[in-house]
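To start, the structure itself, in structure tokens.
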Amino acid sequence: MASLPLIRISPSEFQFTECRTGYTSRLRLTSLQGQAVGFKFKTNAPHKFLVKPVVCSLTKKGMSVDVVVRSSSPITDVDRFLIQTVALAADEAEDLDSAKWRTLDPSRIMEDLIYCTIGRRRSSSQSSGSQSDSPLVSVSNIYSPSPYQEQQYFAEKDDRRLANSLAKRVYAMMPALDIADFSWYELVLFAATCFAI
């Protein structure tokens, strides 16, 4: 007999978007039970992702929490997360953390995989190929940027290359000077002068 789900995961996968500092995604977890429910995230790439919160409890039915994941590295089709959920007694739910989680009976814990995608969400025709009883999507999307996004990426890459070249020229011209002695305005003016040479 299949057990009832403890939480609703919306959306059913981490849909990463590129941002200034790398990649970010957000999920909303909502309790479907009248009693407290706890969850914990694990990943196959723990040094790549920052997850907040990693461990948390939802103390009443309908209570929600947003889970935010960040990465400074590109997302791949092998990146995935394991979400563990468990029904909790009131005393177990109070101040739930990783140490308390380790004391829980493992036979009570339910596990589901959450996959990662980047860019736009898959269409229903792509996901209809493999139907599953699980509410989690089991296939990740391959990102294909638009021509504009590719052009923007290469323009940013050229800007970074130019800035790097400028920094090397400035450093070569003033190896004995301490940059802390100058204001930002003086440094920018000096860099602009060096670049004009």
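The values are calculated or read from the model by the stated rules, or taken from the named source; none is laboratory data. Just so it is clear, the structure is predicted and the values come from calculations on it, not from any experiment. As a convention, Cβ positions derive from the backbone with ideal geometry for all residues, glycine included, and neighbour counts pool all protein chains shown. These accessible areas exclude ligands, DNA and RNA; they are computed on the full protein's heavy atoms, side chains included. Shrake-Rupley method; radii C 1.70, N 1.55, O 1.52, S 1.80 Å.
The calculated FRET efficiency for the pair Ile109 and Arg28, based on their C-beta separation and a Förster distance of 22 Å, comes to about 0.55. Among the trypsin sites (Lys or Arg not before Pro) found in the range 17-48, those both in a DSSP coil and sparsely packed, with 12 or fewer other Cβ atoms within 10 Å of their Cβ, are Arg20.
Couplings for the range 79-86, taken from phi via the Karplus curve 6.51 cos²θ - 1.76 cosθ + 1.60 with θ = phi - 60°, read 5, 7, 10, 10, 9, 9, 10, 8 Hz in order; Gly and Pro are left as x. When a 1.4 Å probe is rolled over the protein heavy atoms, the share of accessible surface on the range 32-111 that falls to carbon and sulfur comes to 52 percent.
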